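Step one of this worksheet: look at the structure below.
The values are calculated or read from the model by the stated rules, or taken from the named source; none is laboratory data. All values derive from a computational prediction rather than experimental measurement. Positions of Cβ are generated from backbone atoms using ideal geometry, with glycine treated the same way; all protein chains shown enter the neighbour counts.
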Amino acid sequence: MIEIFLKTLPFFALIGLGYGAGRTRFFTPEATAYLTKFVFYFALSAMLFRFSANLSLAEIMNWPLVVAYLWGSFVVYLLATLVALLRKRGIEEAAVEAQCAVVGNVGFLGIPMLVLLLGEAAIGPVMLVLAVDLMVFGSLIVILITGSRDGRMSLGMLRTVGLGLVSNPMIVSITLGLIWSTLRIPIPAPMNEFLALLGAAATPGALFAIGASLASKSAERVSVAGWLSLCKLVLHPAAVAVAGLLVFSVDPYAAGVMIAAAALPVAGNVYILAQHYGVAPQRVSASILISTAISVLTVSFVIAWVTI
């Protein structure tokens, strides 16, 4: 446990460095927004393209893992939704809280950290988890909020979901990389060096950006944020572990990567969606802040457990 904690510590130290830069205003919110944009559209996209272009679809695709991750995630998703509805919250707020309970920071934190700590074989399972989060849960929150407001499904809603998917650089870069791999086109040496150099900026840039963005978050509604953090850091990986190891018999290594990915703190893009739709942004903000702070210990524990 101590050894894993010391290995994860540099990642969280980078988040802390970004947080300090944001709190002291050395890094302004505008600077943080531009750094996030650079990582999201350039560095992380280069990393994901390079990873997927060097893997075949057969190497990445693991249907038992996908089913197990969805099964475990939906158990926690429904639980968080039920608790929100019992507190007399509407469908919109319940959808946002459920999103906090199951969507982790896989893109900015999970990919760089888990690939380094668990080995390059973790690339496939982590990318599958990321794809499920973006395509299934990223679409579900839009459908629930928009459907609740309109009172029905509409072509406009489906168009919004579709445009959101095809314009997401993480989905685009993974898809293009897999197409490149399927066509068996060798990556020219200069292109590979360029992608490696640009992709190398993803890890420090993403972690620093996470910390700097947390500096503007507040810890209001701590009780609800604490509950959602418990869902994300404890119940989600536990449910995914039961699904992967006991119900669907996922390969132990892939299951370990999936469980570690499920243990990651609440993703920043949940706040972006909450703010965009005007649904409980402060609650999401607090959940991101609290879950990220606590995950310094919980993520280390989960990674230590799956690597025993």
* **Per-region count, segment 188-229, residues over 20 Å from SER291 (Cα atoms) and aromatic (Phe, Trp, Tyr)** => 1
* Out of the residues in segment 7-51 that are among the basic types (Lys, Arg) and without any contact (Cβ under 8 Å) to a residue 24 or more places away in the chain, state the one that is nearest to ILE185 (Cα to Cα). => LYS37
* Of the residues that make up segment 181-198, is at least one under 28 Å from ALA68 (Cα atoms) and not hydroxyl-bearing (Ser, Thr, Tyr)? -> no
* Of residues in segment 84-108 being in contact with a Phe, Trp or Tyr (Cβ under 7 Å, 6 or more places away or on another chain) and aliphatic (A, V, I, L, M), the one surrounded by the most Cβ atoms within 10 Å (Cβ to Cβ) -> VAL102
* What about LEU144, is it touching a helix residue (DSSP H, G or I) at 6+ places or on another chain (Cβ under 7 Å), surrounded by fewer than 23 Cβ atoms within 10 Å (Cβ to Cβ) and closer than 14 Å to ALA262 by Cβ? -> no
* Considering residues of segment 175-192 that are part of a helix (DSSP H, G or I) and in contact with a Leu (Cβ under 8 Å, 6 or more places away or on another chain) only, the residue farthest from VAL115 (Cα to Cα) -> THR182
* To do: Identify all residues within segment 5-52 that are closer than 30 Å to SER181 by Cα and either hydrophobic (A, V, I, L, M, F, W, C) or over 20 Å from the mean Cα position of the chain (by Cα) (or both); write none if there are none.
  => LEU35, PHE38, VAL39, PHE40, PHE42, ALA43, LEU44, ALA46, MET47, LEU48, PHE49, PHE51
* To do: Residues being within 20 Å of MET127 (Cβ to Cβ) and touching a residue at least 24 places away in the same chain (Cβ under 8 Å): count how many of those fall in segment 242-260.
  => 13
* Structure fact -> The condition from (1) surrounded by fewer than 17 Cβ atoms within 10 Å (Cβ to Cβ); (2) of a type in the set (D, E, K, R); (3) over 30 Å from VAL224 (Cβ atoms) that GLU30 misses is numbered (3)
* To do: Go through ARG89, ARG149, ARG159 for me and flag whichever is farther than 21 Å from PRO204 by Cα and part of a loop (DSSP other than H, G, I, E, B).
  => ARG89
* To do: Mind listing whichever residues of segment 112-122 are at pLDDT 90 or above and surrounded by 23 or more Cβ atoms within 10 Å (Cβ to Cβ)?
  => MET113, LEU114, ALA122
